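**Q** I have a structure here, written as structure tokens, and I will follow up with some questions on it.
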2 protein chains.
Amino acid sequence: MEQKLNVLTLGVRDLDASRRFFVDGLGWKPHLDVPGEVIFLQVGHALLLSLWDREAMAAEAGEFYRGSDAMPITLAHNVDSEDEVTAVLDRATAAGGSIIGAAQSRDWGGVSGYFADPDGFRWEVVYNPDLAFGPDGTITFAPPPA
Amino acid sequence: MEQKLNVLTLGVRDLDASRRFFVDGLGWKPHLDVPGEVIFLQVGHALLLSLWDREAMAAEAGEFYRGSDAMPITLAHNVDSEDEVTAVLDRATAAGGSIIGAAQSRDWGGVSGYFADPDGFRWEVVYNPDLAFGPDGTITFAPPPA
């Protein structure tokens, strides 16, 4: 498992409030803004901050985001194929991590699974064919299907 | 406030368990490892993952990390001077953020303060004269004082 983080996702209760703070207030420019769902902001070389509606996050990523002690964050590690998702989850298991969501196809067109590190922080291993991290640090989302 | 994240800190309960998982298990190489205190791992271009003993984190970063609903994470934004710490905290306040820890000198030789975004995620604005993020993405810690 390569030593890298590509996306930090924060589950937010009110995406409009997040937009007012980060975009209107701080002047940050969204890379992608899907009202009511998610805002992606590039916060470094090949690094995204994702502000995801917390209910949508829980619906996709599982009930573990709803508990009273849940930490609504995900550290995402992007890979280049479906097979690599499985391979990295296996590697994380062998290292002592806990699989908390097996690899599966997602509505947005990719495949991902989740493991927890020793403190329960959740890592998502993701293959997203529509999202590319260039060697120069640029990030490209494919246009949504027509 | 520049649109960037430099350090993601996770408060960990057992730093040795974290080392077994990330270093021994996944094979990741620490950038800096201070047993009993903190492990820094470079996880991208100019990006650090910091695994910080949760008690030490609470002692420095405040009681807000001890509550039952506390999320023991910090998103750090590094700047180049003490004045900039204050300026960025002011900007975050003007944007609607809440200051949860005024800028102050820290034991490790720098200055930092904390604000909360609309969901209570904590951002640290940091001036650390011993930590440099190079334009090519390399990260340099100054050697500790003799």
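The values are calculated or read from the model by the stated rules, or taken from the named source; none is laboratory data. Treat the numbers as computed from the prediction; the structure is a model and nothing was measured. Methodologically, a virtual Cβ is constructed for each residue, glycine included, from the backbone with ideal geometry; neighbour enumeration extends over all protein chains shown.
**Q** Is there a residue in region A:103-116 that is surrounded by 13 or more Cβ atoms within 10 Å (Cβ to Cβ), of a type in the set (A, V, I, L, M) and either within 14 Å of chain B (Cβ to nearest Cβ) or under 18 Å from A:Leu5 (Cβ atoms) (or both)?
**A** yes
**Q** Name the one entry in A:Glu82, A:Glu55 that is at pLDDT 95 or above and more than 22 Å from B:Ala76 (Cα to Cα). Spell out how you get there, then give the answer.
**A** Details: A:Glu55 fails: at pLDDT 95 or above.
It is A:Glu82.
**Q** Name the single residue, out of those in region B:130-146 being in a loop (DSSP other than H, G, I, E, B) and either acidic (Asp, Glu) or under 14 Å from the mean Cα position of the chain (by Cα) (or both), that is surrounded by the most Cβ atoms within 10 Å (Cβ to Cβ).
**A** B:Asp130
**Q** Quick one: A:Asp14 ticks every box in (1) in contact (Cβ under 8 Å) with a residue 12 or more places away in the chain; (2) closer than 16 Å to B:Asp119 by Cα except a single one, so which number is it?
**A** Among (1) in contact (Cβ under 8 Å) with a residue 12 or more places away in the chain; (2) closer than 16 Å to B:Asp119 by Cα, A:Asp14 violates only (1).
**Q** From A:Val85, A:Val38, grab the single residue that is out of contact with any Pro (no Cβ under 7 Å at 6 or more places or on another chain), touching a residue at least 12 places away in the same chain (Cβ under 8 Å) and over 22 Å from B:Gly97 (Cβ atoms).
**A** Of A:Val85, A:Val38, the one residue that is out of contact with any Pro (no Cβ under 7 Å at 6 or more places or on another chain), touching a residue at least 12 places away in the same chain (Cβ under 8 Å) and over 22 Å from B:Gly97 (Cβ atoms) is A:Val85.
**Q** Right, something else. Mind counting the residues in region B:1-52 that are more than 16 Å from the chain's Cα centre (by Cα), basic (Lys, Arg) and facing chain A (nearest Cβ under 9 Å)?
**A** Total satisfying the criteria: 3.
**Q** Go through region B:114-130 and report how many residues are touching a Gly at 6+ places or on another chain (Cβ under 8 Å) and under 21 Å from B:Phe40 (Cβ atoms).
**A** 9
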